[in-house]
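Student: Okay, here's the structure, questions in a sec.
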Amino acid sequence: MALIVQKYGGTSVGTVERIQAVARRVKATVEAGNSVVVVVSAMGKTTDGLVKLAADITNQPSRREMDMLLSTGEQVSIALLTMALHAQNQEAISLTGAQVGIVTEAEHTRARILKIKTDRLQRHLSEGKVIVVAGFQGISQTSDLEITTLGRGGSDTSAVALAAALGAEKCEIYTDVPGILTTDPRLVPEAQLMEEITSDEMLELASLGAKVLHPRAVEIARNYGVTLVVRSSWTDEPGTRVISPRPQPRPLEGLELAHPVDAVEFDTDQVKVALLRIPDRPGIAARLFGELATQALNVDLIIQSIHEGNTNDIAFTMVKANLARAEAVAAAIAPALRSNPTDTSQAEVMVDQRMAKISIAGAGMIGRPGVAAHMFSSLAAAGINIQLISTSEVKVSCTIDVEDCDRAIAVLCDAFEVTSSPMPQGSAPTASLRVPEVRGAALDLKQARVAIRHVPDRPGMAAKIFQLLATHGVSVDMIIQSQRCRLVNGQATRDIAFTVAQGDAQTAKAVVEAAAAELGFGDVAVDEEIAKVSVVGTGMIYAPGVAARMFKALSQQGINLQMIATSEIKISCVVAETEGVTALRAVHNAFGLAGLERTVVPA
Ligand code: ADP
Ligand code: ASP
Ligand code: MG
């Protein structure tokens, strides 16, 4: 008899009729010979409604009381679903997170799961009962037994964690779309269903705005090798499989907290090419990376930061063997990019052959503002200067002097208690393993950008800034440190720009401004009208030209790129907020992701 964990999201249990339909599906699963643990979300938009009630009373509710309030939503749906099962003559019992023993840290509104007690679950399962568990909630380990919640969208995390703790055969996430699609069908109805996606790709997509699965759920599935499927609540179609490689066995104790960082990765076979002072207008990046792609030159990191005046800098890294040809492409293009062709002081190519890239990776850093700061301060304490920084929510990469690489690896492995491994290299996989260059696209409209001008270029500055933000609870998403060094009062400086949730933008500005005089920064500027559009795919590691195609699609729409940041398997661009949806559609089309079938999401 197999054990299956099923999770039903808010829309799927939004009405009595839908709850009855869920009960029928659960019962059918039992009748097919399985034991079933069901995790449910609050009905429909209940949680949003509760958040609004709190906001009507105060704009600074206590986080403990928010948990007390929000955890009630799930308690309604577990009771109703259990009654619906009883009405269909199916034995069942509902349990809150506390009753199960979903033990979390005592961090209200964003608690991580430490362990799940399974004795009571096993007892009810052996009695032949379906167990209906409240998603999104847990209980603190402290003697006060505080009710905690896992953060919005947390029922996915509850379900996958239960599947891991129980060693379930699979975890099925039932939702209001047919599975994981190439992008959000609410924004692009031509988005197509995927049969499968790797957990690495899904982790990036989820953290870049695809809310169909919570990234923490994907990470648990990957870490514990949980078979994960996303399916429609309305049909019997198979949905999408999220594929993970067989993991190393790991203890269930400290489930979500053991390591915020899974790995330290490095690559010493890298060189950096930078184009400085190129005009800030649509089409420039498309042209540069288009030329490189034509010559089959594969680029790795691409970084474009904020601009000053009407020019930008773009830096990219690649394997050493391609340097001469890439430099030639850049040098040939630079004069044509000058805003004023006779002005030779502009558009300059710079090459750095002595660099290494070092990264920390892991979904444990999501919503943990201190992790990037800890990386920067560990490097600073070892006297290692950071040149470029490029981040996603699940990865922070820095370029450093190649001489410092061994020390940096040792320092970071020690700081995060993990082992190191070289980055995946650019040799193409065999035909049978061929993976698409771009699997999906995502849009995040909820971010703001903060730019700090003229940050002194010496070890420890990034550490100070992001440590300060972390102590104020501000989670930083994409961080970009610019290539260009500018002399201010005889001192080399760089600009640092980063994105944060819109709600945190003013706090971030105030925190950084308060430190500006002491640390010697210039202005701090906030822009809330931004959108981040991204593409994700493992195949892009091996395929030159993916970035070029993305930039071209955007430039054909006349969209200007304000920031670019990449990791091995994703490319993100910051554009004006008003252009976000157009940008997403253009990029989705450019990679042939759109299909003829249209997905309409039920209300
Ligand atoms: P649930 O309440 O079932 O947890 P969510 O609203 O959290 O559902 O997630 C499902 C929604 O995620 C879909 O309705 C869709 O609008 C959105 N979504 C965003 N990106 C994607 C994607 N790539 N594939 C499928 N759905 C997506
Ligand atoms: N009800 C919670 C929310 O709306 C948790 C969830 O649905 O996953 O965020
Ligand atoms: Mg959800």
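Student: From the mean inverse distance of alpha carbon pairs (Kirkwood) and the Cα radius of gyration, derive Rg over Rh for region 553-594.
Tutor: Values: Rg = 10.3 Å, Rh = 10.8 Å.
With Rg and the Kirkwood Rh in hand, the quotient comes to 0.96.
Student: Let's test the formula: R0 of 56 Å, r as the Cβ-Cβ distance of Met1 and Ala321. What FRET efficiency results, to the nearest 0.05?
Tutor: With a Förster radius of 56 Å, E is 0.50.
Student: Distances over 21 Å make up what percent of all Cα-Cα pairs in region 190-333?
Tutor: In whole percent, the share of Cα-Cα pairs in region 190-333 beyond 21 Å is 62.
Student: While we're looking at this one, here's another question. Kindly write out, for region 213-229 in residue order, the coupling ³J(HN,Hα) from the Karplus curve 6.51 cos²θ - 1.76 cosθ + 1.60 (θ = phi - 60°), rounded to whole Hz, with x marking Gly and Pro.
Tutor: 9, 7, x, 5, 5, 5, 5, 5, 4, 5, 5, 10, x, 6, 6, 10, 9
Student: So what's the Cα pair-distance distribution over the chain, bin width 10 Å, in %?
Tutor: All Cα pairs considered, the percentages come to 3, 17, 27, 26, 16, 8, 2, 0, 0.
Student: Say a paramagnetic label sat at a point 7 Å from the Cα of Ser421, along Cα to Cβ; which residues of region 220-244 have their backbone N under 14 Å from it?
Tutor: Those under the cut-off are 222-225, 244.
Student: Turning to a different aspect of this structure: What's the magnitude of the charge dipole for the chain around its Cα centre, counting Lys and Arg as +1 and Asp and Glu as -1 at the beta-carbon? Answer in Debye, nearest 20.
Tutor: With Lys and Arg at +1 and Asp and Glu at -1, about 580 debye.
Student: What ratio of Cα Rg to 2.2 N^0.38 Å holds for region 153-221?
Tutor: 1.11
Student: Amide H neighbours of Ala106 under 5 Å, at least 5 residues apart or on other chains, H built in the peptide plane: list them.
Tutor: Hits under the 5 Å cutoff: Gln141.
Student: In debye, nearest 20: dipole of region 23-70 around its Cα centre with unit charges on the Cβ of K, R (+) and D, E (-)?
Tutor: 180 debye
Student: In region 1-136, if the dipole is taken from +1 on Lys/Arg beta carbons and -1 on Asp/Glu beta carbons about the Cα centre, which of Ile102, Ser62, Met83 is farthest to the positive end?
Tutor: Result: Ile102.
Student: I'd like to check one number: the per residue accessible area of the chain, probe 1.4 Å, reported in Å² as a whole number.
Tutor: Numbers: 23710 Å² over 603 residues.
Per residue, the chain has 39 Å² of solvent-accessible surface.
Student: Further question: Taking the highest mean first, how do the peptides 1-13, 465-477 order by number of other beta carbon atoms within 10 angstrom per residue? Show your work: numbers first, answer last.
Tutor: Working: 1-13: 22.6, 465-477: 20.1.
The most tightly packed comes first, giving 1-13, 465-477.
Student: Rounded to the nearest percent, how much of the accessible area of region 435-582 (1.4 Å probe, protein heavy atoms only) is carbon and sulfur?
Tutor: 48 percent
Student: If you don't mind, another one. Restricting things to Cα coordinates, could you compute the convex hull volume per residue of region 449-603 in Å³?
Tutor: So the per-residue Cα hull volume is 157 Å³.
Student: What is the set of long-range amide H partners of Val132 at a cut-off below 5 Å, with H atoms built 1.01 Å from backbone N?
Tutor: Those lying under 5 Å, H to H, from Val132 are Val38, Ile93, Ser94, Leu95.
Student: Hey, got the Cα dimensions of region 21-165 along the principal axes, in Å, largest first?
Tutor: 49, 30, 21
Student: Once the dipole of the chain is set up with Lys and Arg at +1 and Asp and Glu at -1 on Cβ about the Cα centre, which of Val26, Leu584, Leu297 lies farthest towards its positive end?
Tutor: So the residue we want is Val26.
Student: Further question on the same structure: What is the spread of the Cα atoms of region 13-99 along each of their three principal axes, largest first, in whole Å?
Tutor: 49, 26, 16
Student: What's the whole-number percent of alpha carbon pairs in region 210-290 lying beyond 15 angstrom?
Tutor: Every Cα pair in region 210-290 considered, those over 15 Å come to 74 percent.
Student: For Gly440, what residues show an amide H to amide H distance below 5 Å, using hydrogens built from the backbone and excluding near sequence neighbours?
Tutor: Those lying under 5 Å, H to H, from Gly440 are Val536.
Student: Taking the dipole about the Cα centre of the chain, with the C-beta of Lys and Arg at +1 and of Asp and Glu at -1, give me whichever of Phe521, Pro247, Gly370 is farthest to the positive side.
Tutor: Positive-end residue among those listed: Pro247.
Student: Let me ask something additional. With +1 assigned to the C-beta of every Lys and Arg and -1 to the C-beta of every Asp and Glu, and no other charges, what is the dipole magnitude of region 1-121 about the Cα centre in debye, to the nearest 20? If you can, show how the numbers build up before the last one.
Tutor: On the way: 14 positive and 11 negative charges, 44 e Å.
With only Lys, Arg, Asp and Glu charged at Cβ, the dipole is about 220 debye.
The values are calculated or read from the model by the stated rules, or taken from the named source; none is laboratory data. Because the structure is predicted, anything quoted here is derived from the model rather than measured. In this analysis, Cβ positions are derived from the backbone assuming ideal geometry, glycine residues included, and neighbour counts consider all displayed protein chains. These accessible areas exclude ligands, DNA and RNA; they are computed on the full protein's heavy atoms, side chains included. Shrake-Rupley method; radii C 1.70, N 1.55, O 1.52, S 1.80 Å.
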